[in-house]
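K.L.:
The structure that follows is given in the form of structure tokens.
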Amino acid sequence: MQSLKELYRIGIGPSSSHTIGPERACKMFKDEYPQADSFKAKLYGSLAKTGDGHGTENIVRTVLKNVEIQLDEIETDLRHPNTMDIFAYEKGECVGQVRVYSVGGGAIEIEGREKPCFKVYELESFNAIREYCENKGIGLPDYVFEREGIEIKEYLKEVWETIKSAVERGVKASGVLPGGLNVERKAKTLFESGKENESAERKEKRLVCAYAYAVSEENAGGGRIVTAPTCGACGVLPAVLYYEWEKNGYTEEEILRALASAGIVGNLIKTNASISGAECGCQAEIGSACCMAAAALGELKGLDLSKIEYASEIAMEHHLGLTCDPIAGLVQIPCIERNAVAAMRAIDAVALADLISDSRKISFDLVVQTMYETGKDMSGRYRETSEGGLAKLYKKL
């Protein structure tokens, strides 16, 4: 597995696979052909079908400037549904081209080129990592610091500061999100709607949802966020962490340890399955984010590895089959609301795991494999193409 720096990416929304990934690809290609005076970008699959709403076309134009963009919604024989070809021209002659796959979370792969080897973690299953940690008497965060070096803490500090900033901006912002759906920001309303005699349970749900909405709305508005593991699911982990930090006064070190535990879980899903909605549906994005939030909360509460695993497994199991059907190709409906629901589900998963972990039958590794196979079996209409589900039916209203 790669470094957590490759999982937690700090960037601009609204989509890690549709904006952050293509932006990296275009910048790389432009640097390789500095003499080029014009470009062409051909978008396939999900990039073609939802690229307008997800900001792909805009980011390609921003980076490449003089560029012709073509959309191919017909081609289906693709290695990955987020595929783009980029061509460089000099005085009308093609001087170079490349095929790029935006594989999720802002990561890209180049056809015909070996993937850079940034392997940091030798162990690539939760079972193997748990056995290693239990034999050494250490926790998941200690495993992270052992493999990545203490300098990973500095990066996680930057991640945490970015998360806090996104929450705090989001709960103060108001207005309509861009894109044409006229979606009103709701985080500020949720945050400020507390009542004098509000119960502790209602307050928790309200604030957790407010923080999830805050970060997700910042993402939808093109704000600066952290992929956790993607832009579309960026509000789940921050909502849980920020609420717990604010309520219980956890130290920065405790938060960093929680981020490290969440990172291991997200990395395992990314390595053994997918975090791409275009490849496996929303279960790969929101489901993965819920797993990460459950692992982080389990770490904060001092649960043992078996309970953290069970909490993460519960989080994914009950997202299996979740479709990716963004209305109008925007990361707004149902995406933002799903972040809030998943944040609450992560909290519930931890509570349940703490009570009955000894009776569990399904391992985290097994549920990750199940999610991947489910995603591969899922109709393409439900994998970030906006051709099925809510995206299809909403057009008829």
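The values are calculated or read from the model by the stated rules, or taken from the named source; none is laboratory data. Everything quoted here is computed from the prediction, not taken from an experiment. Methodologically, a virtual Cβ is constructed for each residue, glycine included, from the backbone with ideal geometry; neighbour enumeration extends over all protein chains shown. Ligands, DNA and RNA are stripped out before the accessible areas are found, and what is left, the full protein with its side chains, is counted by its heavy atoms. Shrake-Rupley method; radii C 1.70, N 1.55, O 1.52, S 1.80 Å.
K.L.:
Among Q369, Q70, Q35, which one shows the highest mean-square fluctuation when the chain is modelled as a Gaussian network with alpha-carbon springs under 10 Å?
P.N.:
Comparing Q369, Q70, Q35 in a Gaussian network model of the chain, the most mobile one is Q35.
K.L.:
Remind me, relative contact order of the stretch 152-219 in percent, using alpha carbon pairs under 8 angstrom and six or more residues apart?
P.N.:
Values: 68 pairs, mean separation 25.8, N = 68.
Result for the stretch 152-219 is 38 percent.
K.L.:
Nearest 20 debye, what's the magnitude of the dipole of the stretch 153-259 about its Cα centre given +1 on Lys and Arg Cβ and -1 on Asp and Glu Cβ?
P.N.:
Values: 16 positive and 17 negative charges, 59 e Å.
Using only the charged Cβ atoms, the result is roughly 280 debye.
K.L.:
Roughly how compact is the stretch 197-257, stated as its Cα Rg over 2.2 N^0.38 Å to two decimals?
P.N.:
1.20
K.L.:
Just flag the GluC sites (Glu not before Pro) in the stretch 18-75 sitting in loop per DSSP whose Cβ has no more than 15 other Cβ atoms within 10 Å. Provide the component values of the computation, followed by the final result.
P.N.:
Values: sites: E23, E32, E57, E68, E73, E75; in loops: E73, E75.
Within the stretch 18-75, the qualifying GluC sites (Glu not before Pro) (loop, at most 15 other Cβ atoms within 10 Å) are E73, E75.
K.L.:
Would the stretch 87-126 count as rounded, prolate or oblate if I go by the C-alpha gyration tensor, calling it rounded below 1.5 in a/c and otherwise prolate when a/b exceeds b/c, oblate otherwise?
P.N.:
Details: a/c = 4.82, a/b = 3.10, b/c = 1.56.
Since a/c reaches 1.5 and a/b is larger than b/c, the shape of the stretch 87-126 is classed as prolate.
K.L.:
Hey, another quick one. Output the relative contact order of the chain, whole-number percent, from Cα pairs under 8 angstrom with separation of 6+ residues.
P.N.:
Relative contact order comes out at 19 percent.
K.L.:
How much net charge surrounds T189 when only the other residues with a Cβ under 12 Å from the Cβ of T189 are counted, with Lys and Arg +1 and Asp and Glu -1? Could the numbers behind the result be given before it?
P.N.:
Numbers: positive: K172, R185, K186, K188, R206; negative: E184, E192, E217.
After counting each charged neighbour, the total is +2.
K.L.:
Oh, and also: Using θ = phi - 60° and the Karplus relation 6.51 cos²θ - 1.76 cosθ + 1.60, list the HN-Hα couplings for the stretch 229-240 in order, rounded to whole Hz, with x at every Gly or Pro.
P.N.:
x, 10, 5, x, 10, 6, x, 6, 4, x, 4, 5
K.L.:
Can you send over the carbon and sulfur percentage of the accessible area for the chain, probe radius 1.4 Å, protein chains only?
P.N.:
47
K.L.:
Sticking with this structure for a sec: So if each residue of separation counts as 0.36 nm, and I subtract the Cα-Cα distance between K395 and E161, what length gain in nm does that give?
P.N.:
Details: separation 234, 0.36 × 234 = 84.24 nm, distance 3.91 nm.
Here the answer is 80.3 nm.
K.L.:
Okay, moving on. Multiply the residue separation of K27 and I150 by 0.36 nm, subtract the distance between their alpha-carbon atoms, and state the gained length in nm to one decimal. If you can, show how the numbers build up before the last one.
P.N.:
Numbers: separation 123, 0.36 × 123 = 44.28 nm, distance 3.05 nm.
Stretched fully, the K27-I150 segment lengthens by 41.2 nm.
K.L.:
Can you tell me which of I286, I152, I255 moves the most in a GNM of the chain? Springs connect C-alpha atoms under 10 Å apart.
P.N.:
I152
K.L.:
Remind me, what semi-axes does the stretch 273-381 give for its equivalent ellipsoid, largest first in whole Å, using sqrt of 5 times each Cα gyration tensor eigenvalue?
P.N.:
Working: eigenvalues 127, 49, 16 Å².
Calculated on Cα positions only, the semi-axes equal 25, 16, 9 Å.
K.L.:
Could you give the dipole magnitude of the stretch 239-382 about its Cα centre, charging the beta-carbon of Lys and Arg +1 and that of Asp and Glu -1, in debye to the nearest 20? Please report the intermediate quantities before stating the final value.
P.N.:
On the way: 11 positive and 20 negative charges, 55 e Å.
The dipole of the stretch 239-382 has a size of about 260 debye.
K.L.:
Would you mind computing, in nm to one decimal, how far apart the modelled labels at R61 and K115 are, each placed 7 Å from Cα along Cα→Cβ?
P.N.:
Output for this residue pair reads 3.3 nm.
K.L.:
Using only the alpha-carbon atoms, how far is helix 45-54 inclined from the longest principal axis of the chain? Give it as 0 to 90 degrees, nearest 10.
P.N.:
Result, in degrees: 80.
K.L.:
May I pose another question? Place a +1 charge on the Cβ of each Lys and Arg in the chain and a -1 charge on the Cβ of each Asp and Glu, then give the dipole magnitude about the Cα centre in debye, rounded to the nearest 20.
P.N.:
Dipole of the chain, to the nearest 20 debye: 920 debye.
K.L.:
Take the Cα of K195, step 7 Å along the line toward its Cβ, and report every residue of the stretch 310-346 whose backbone nitrogen sits under 14 Å from that point.
P.N.:
Backbone N within reach: none found.
K.L.:
GNM on the chain, C-alpha springs below 10 Å: top fluctuator among S357, S46, S199?
P.N.:
In the Gaussian network model the winner is S199.
K.L.:
Ok, one more. P(r) for the chain, please, calculated from all Cα pair distances in 10 Å bins and given in %.
P.N.:
P(r) for the chain, in whole percents per bin: 5, 24, 33, 24, 10, 2, 0, 0.
K.L.:
Step through the residues of the stretch 187-199 one at a time and calculate ³J(HN,Hα) from phi using the Karplus curve (6.51 cos²θ - 1.76 cosθ + 1.60, θ = phi - 60°), rounding each to whole Hz and writing x for Gly and Pro.
P.N.:
Couplings: 4, 4, 4, 4, 5, 9, 8, x, 10, 4, 9, 5, 6 Hz.
K.L.:
Another one. Classify the stretch 171-229: rounded, prolate or oblate, from the alpha-carbon gyration tensor (a ≥ b ≥ c, eigenvalue square roots; a/c under 1.5 rounded; otherwise prolate if a/b is larger than b/c)? Can you show the working numbers first?
P.N.:
On the way: a/c = 3.06, a/b = 1.67, b/c = 1.83.
Cα axes put the stretch 171-229 in the oblate bin.
K.L.:
When only the heavy atoms of the protein chains count and the probe is 1.4 Å, how do T76, T230 rank by accessible area, highest first?
P.N.:
Details: T76 120, T230 5 Å².
Descending order: T76, T230.
K.L.:
What full-extension length gain, to one decimal in nm, is calculated for K301 and L181 as 0.36 nm per residue of separation minus the Cα-Cα distance? Walk me through the numbers on the way to the answer.
P.N.:
Details: separation 120, 0.36 × 120 = 43.20 nm, distance 3.98 nm.
Here the segment from K301 to L181 would lengthen by 39.2 nm.
K.L.:
Leaving ligands and nucleic acids out of the surface, order R147, R9, R61 by accessible area at 1.4 Å, largest first. The partial results should precede the final answer.
P.N.:
Working: R147 90, R9 30, R61 120 Å².
So the residues, ranked largest to smallest area, are R61, R147, R9.
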